[in-house]
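Scroll down for the structure; my scribbles are underneath it.
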Amino acid sequence: MTVPINFTYVQLPSQPEPKTLWPTVVWTDISSQHAGQFFRVLGNNSNAFGDVQEENSPHLTEVESQKQAKSSLNLNIKVPQTDAWSDWVYSGSGDGNDYFIRFKSNGGEVRPRNQAIKIWKRTK
């Protein structure tokens, strides 16, 4: 079998290096050109083909507090799953005022657990 120059071989951890499969051609490890990246099929929430999409996960991005005169008390909140603020929640009182806090979530996408691979390119 002829392996064309510039052919890319993806080596999974349980697979042999390409020089074991094709010992008569020269391979260059080009993994460093894609170091630390996770590959995914184009579509849904992926960036455009060829663009690097930065890591992300849902987390609180802001917390606010507020002081106001006595009012109805909210003791429970739901942290939103999208880029939005929660409702205000009662956090205490003093000085004749009630204090409230709220939370903001960034609504980020969770990226899955992954495993390192090597990427080889036939160069000669």
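Observations on the structure shown:
- Checking each residue in the range 11-53 for being in contact with a Phe, Trp or Tyr (Cβ under 8 Å, 6 or more places away or on another chain), in contact (Cβ under 8 Å) with a residue 24 or more places away in the chain and of a type outside the set (S, T, N, Q) picks out E17, P18, W27, D29, I30.
- Screening the range 17-43 for residues that are under 16 Å from Q115 (Cα atoms) and not hydrophobic (A, V, I, L, M, F, W, C) and picking the one that is surrounded by the most Cβ atoms within 10 Å (Cβ to Cβ) gives S31.
- Of everything listed in (1) modelled with pLDDT of 75 or more; (2) surrounded by 14 or more Cβ atoms within 10 Å (Cβ to Cβ), the single unmet condition for F49 is (2).
The values are calculated or read from the model by the stated rules, or taken from the named source; none is laboratory data. Note that the structure is a prediction, hence the values are computed from the model and not measured. Note that each Cβ is placed from the backbone with ideal geometry, even for glycine, and that neighbours are counted across all protein chains shown.
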